[in-house]
Amino acid sequence: MSSLIYRSSRPDQWAQPRPYSDASLRFYKHGPILPMDEPGFLARLFGAR
């Protein structure tokens with residue numbers, strides 16, 4: 001009996017873990033984390049954050 005494994009296609013992404021990425025690599029690639037909600041008109045007008 002052979003112990004060779006044959007795959008005709010790549011393994012599914014759900015089965016493959018993502019490569020290691022620390023916070024500095026994420027920042028370099030995507031930039032700073034931004035809030036999801038946009039400030040309202042008055043907040044932009046008066047510079048409130």
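The values are calculated or read from the model by the stated rules, or taken from the named source; none is laboratory data. Note that this is a predicted model, so its numbers are computed, not measured. Accessible surface areas use protein heavy atoms only, side chains included; no ligands, DNA or RNA. Shrake-Rupley method; radii C 1.70, N 1.55, O 1.52, S 1.80 Å.
State the number of residues belonging to region 12-39 that are of a type in the set (Lys, Arg) and open to solvent by 100 Å² or more (accessible area, probe 1.4 Å). Can you show your working first?
Just the residues of region 12-39 that are of a type in the set (Lys, Arg), to begin with: 18, 26, 29.
So of that shortlist, the ones also open to solvent by 100 Å² or more (accessible area, probe 1.4 Å) come out as 18, 29.
Residues flagged as of a type in the set (Lys, Arg) and open to solvent by 100 Å² or more (accessible area, probe 1.4 Å) within region 12-39 amount to 2.
Taking the condition among the hydrophobic types (A, V, I, L, M, F, W, C) and within 17 Å of the chain's Cα centre (by Cα), does Ile33 pass? Steps first, please.
Details: among the hydrophobic types (A, V, I, L, M, F, W, C): yes; within 17 Å of the chain's Cα centre (by Cα): yes.
Yes, satisfied.
Which ones in region 11-49 are small (Gly, Ala, Ser) and modelled with pLDDT under 80? Walk me through how you get there before you give the answer.
We begin by selecting, within region 11-49, every residue small (Gly, Ala, Ser); these are 15, 21, 23-24, 31, 40, 43, 47-48.
Ala15, Ser21, Gly47, Ala48, listed by residue number.
Does Leu45 meet the test of being open to solvent by 100 Å² or more (accessible area, probe 1.4 Å), over 19 Å from the mean Cα position of the chain (by Cα) and not basic (Lys, Arg)? Please lay out each step first, then the result.
Details: open to solvent by 100 Å² or more (accessible area, probe 1.4 Å): yes; over 19 Å from the mean Cα position of the chain (by Cα): yes; not basic (Lys, Arg): yes.
Considered against the rule, which asks whether it is open to solvent by 100 Å² or more (accessible area, probe 1.4 Å), over 19 Å from the mean Cα position of the chain (by Cα) and not basic (Lys, Arg), Leu45 comes out as yes.
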